[in-house]
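Undergrad: This is the structure I want to talk about, given as structure tokens.
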Protein chains: 2
Amino acid sequence: MSKKEVIHLYKKVIEDLKLQIEKGDFKKGDLLPSENDLCKLYDTTRVTIRQALSALANMGYITRKHGKGSIVSEPKAGLGILSLSGVTAGIGTQKLTTSILQKPVKQAWPDNFFFPLDEEEAKAGCIFLSRLRHIDNMPVLYEETYITNIELPRFSSRNLENRSLFNILKEHYKIEVKEGEQKIWARHADKAISNLLQIKTTHPVVHMQRKMQTNVDGLRIYSSLYCNTEENFLRDSF
Amino acid sequence: MSKKEVIHLYKKVIEDLKLQIEKGDFKKGDLLPSENDLCKLYDTTRVTIRQALSALANMGYITRKHGKGSIVSEPKAGLGILSLSGVTAGIGTQKLTTSILQKPVKQAWPDNFFFPLDEEEAKAGCIFLSRLRHIDNMPVLYEETYITNIELPRFSSRNLENRSLFNILKEHYKIEVKEGEQKIWARHADKAISNLLQIKTTHPVVHMQRKMQTNVDGLRIYSSLYCNTEENFLRDSF
DNA sequence: TAGTTTATCTTGTATATACAAGTTTGATGT
DNA sequence: ACATCAAACTTGTATATACAAGATAAACTA
């Protein structure tokens with residue numbers, strides 16, 4: 001009764017190459033195997049290989065040069081919060097830990113929610129969770145996440161510690177973030193935030209509000225986050 | 001002796017559809033003609049049409065739905081490039097003014113530039129300019145821009161006041177920003193910034209450093225900006 | 001009528017092939 | 001030794017075709 005999901009060849013090529021770049025088998029400036037080499041490797045044709053390579057180029061892993069080849073791009077560093085490419089940051093995963101302050105719970109949207117909601121969305125309610133991220137055991141980023149309430153089997157009980165919410169949504173529910181918008185402020189930490197991030201109330205923090213569309217119709221992800229950028233910074237690529 | 005550039009079919013499809021979306025022939029939510037219809041229209045095959053459509057999807061003009069069609073997206077402000085918005089909904093362009101503190105000048109890159117430069121780039125030097133943006137005559141955002149020094153005829157003498165640098169680069173030099181990355185901090189304003197933005201040195205400001213790739217090989221645009229987000233916020237779509 | 005199936009749309013994945021055009025390298029000829 | 005040219009790479013554009021799979025509406029059945 002196993003799912004027996006059809007794994008598409010071009011997706012396998014993407015995953016393989018992505019992994020090898022992230023592992024460091026291919027470093028910045030290296031040339032990937034040529035399209036024809038990859039064709040032989042995967043026993044397929046150039047159209048399929050090119051589909052994978054152009055996706056990788058779009059995700060920012062490589063740049064392509066006519067007559068030359070596929071050149072591995074600079075690895076992205078920083079707290080890659082926003083990267084749509086799914087690059088889990090250049091900050092070593094071992095240094096970045098996440099603790100859940102509020103496990104996912106179904107609830108109504110807060111009053112005066114920070115982005116306007118359409119009717120269906122407002123009626124459906126949301127799944128709320130909050131997390132605190134640490135780097136080297138120091139709290140750095142506090143994030144509140146609101147997901148439109150649709151049926152996500154076993155979602156509330158999933159272990160979100162030290163794992164990317166986006167990866168879980170992708171792997172288990174095939175939900176992928178497609179586009180979004182964000183608003184950015186610099187603020188003094190208020191009492192709650194200064195407690196959470198263990199800083200003084202005069203300390204400047206980045207405040208961000210984000211709205212993200214997904215590939216699932218009607219399902220949006222909102223988040224509000226506060227970040228102490230004294231020792232680290234927020235980064236994103238577009 | 002004209003250039004007689006070969007215009008590729010898939011590029012023509014992209015341009016045609018893009019134009020029709022921008023003109024409003026296709027509005028948000030509309031379905032584009034199906035792939036097969038477009039095949040007949042352009043007397044070509046699906047592979048070529050799909051190449052165009054997937055490019056348009058990547059550019060954010062459409063989203064594609066399996067079994068449904070190509071759906072025209074909400075028009076977006078720019079390509080994920082930072083735009084400034086007011087708390088009170090969108091500020092009209094009339095309220096936003098720009099003054100040039102430093103007209104474009106050719107110079108060497110600063111020492112310890114905030115992004116690593118490759119050899120060619122470092123050798124070429126840069127064009128530097130700085131601008132101060134006001135909302136309702138209050139200074140809100142200070143931005144320093146560095147462009148790789150390539151020949152841009154008459155660029156230094158162009159009037160950049162109240163006009164988008166990106167629009168000028170696009171219209172006059174066909175330079176378009178393709179992708180980029182940005183780093184974000186919250187900081188207390190230092191003396192220079194507090195003077196420029198007319199705020200106290202304890203005031204929190206958003207500091208951003210951005211690196212942008214263009215469609216011209218070897219031409220990159222860097223910027224470092226400081227923003228007072230008390231009355232306004234920075235906004236960004238991706 | 002209401003629910004189900006079927007046909008027919010749509011896009012998604014894939015094979016096989018051809019030639020154009022940019023880049024590099026090595027052979028050739030002076 | 002050096003410049004030139006040709007061959008052998010690379011990616012870019014394109015045609016033609018096949019079947020899978022999601023979405024939708026018409027036809028069918030209870």
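FYI, it's all coordinate maths here, none of it is from the lab. Since we're looking at a predicted model, the values are computed, not measured. As a convention, Cβ positions derive from the backbone with ideal geometry for all residues, glycine included, and neighbour counts pool all protein chains shown.
Undergrad: Mind listing just one residue for me: the one in segment A:21-48 that is more than 7 Å from DNA strand D (Cβ to nearest atom) and within 14 Å of another protein chain (Cβ to nearest Cβ) and, of those, farthest from the chain's Cα centre (by Cα)? Working first, answer last.
TA: Keep residues of segment A:21-48 that are more than 7 Å from DNA strand D (Cβ to nearest atom), which gives A:21-31, A:33, A:38-45, A:48.
Those still in the list that are within 14 Å of another protein chain (Cβ to nearest Cβ) too: A:28-29, A:45, A:48.
Numbers: A:Lys28: 22, A:Gly29: 25, A:Thr45: 31, A:Thr48: 26 Å.
For segment A:21-48, the residue satisfying everything is A:Thr45.
Undergrad: Considering only residues that are in contact (Cβ under 8 Å) with a residue 24 or more places away in the chain and basic (Lys, Arg), look in segment A:1-59 and name the one that is nearest to A:Ser73 (Cα to Cα).
TA: That would be A:Lys28.
Undergrad: Which of the residues belonging to segment B:6-31 are surrounded by fewer than 13 Cβ atoms within 10 Å (Cβ to Cβ) and within 10 Å of DNA strand C (Cβ to nearest atom)?
TA: Within segment B:6-31, B:Val6, B:His8 qualify.
Undergrad: Another question about this same structure. Counting just the residues of segment A:32-43 that are of a type outside the set (Gly, Ala, Ser) and surrounded by fewer than 16 Cβ atoms within 10 Å (Cβ to Cβ), which one comes out nearest to DNA strand C (Cβ to nearest atom)?
TA: Filtering segment A:32-43 for residues that are of a type outside the set (Gly, Ala, Ser) and surrounded by fewer than 16 Cβ atoms within 10 Å (Cβ to Cβ), the one nearest to DNA strand C (Cβ to nearest atom) comes out as A:Asp43.
Undergrad: A further question follows. Please enumerate the residues belonging to segment B:218-238 that are within 18 Å of the chain's Cα centre (by Cα), more than 9 Å from chain A (Cβ to nearest Cβ) and not polar (S, T, N, Q).
TA: Correct list: B:Gly218, B:Leu219, B:Arg220, B:Ile221, B:Tyr222, B:Leu225, B:Tyr226.
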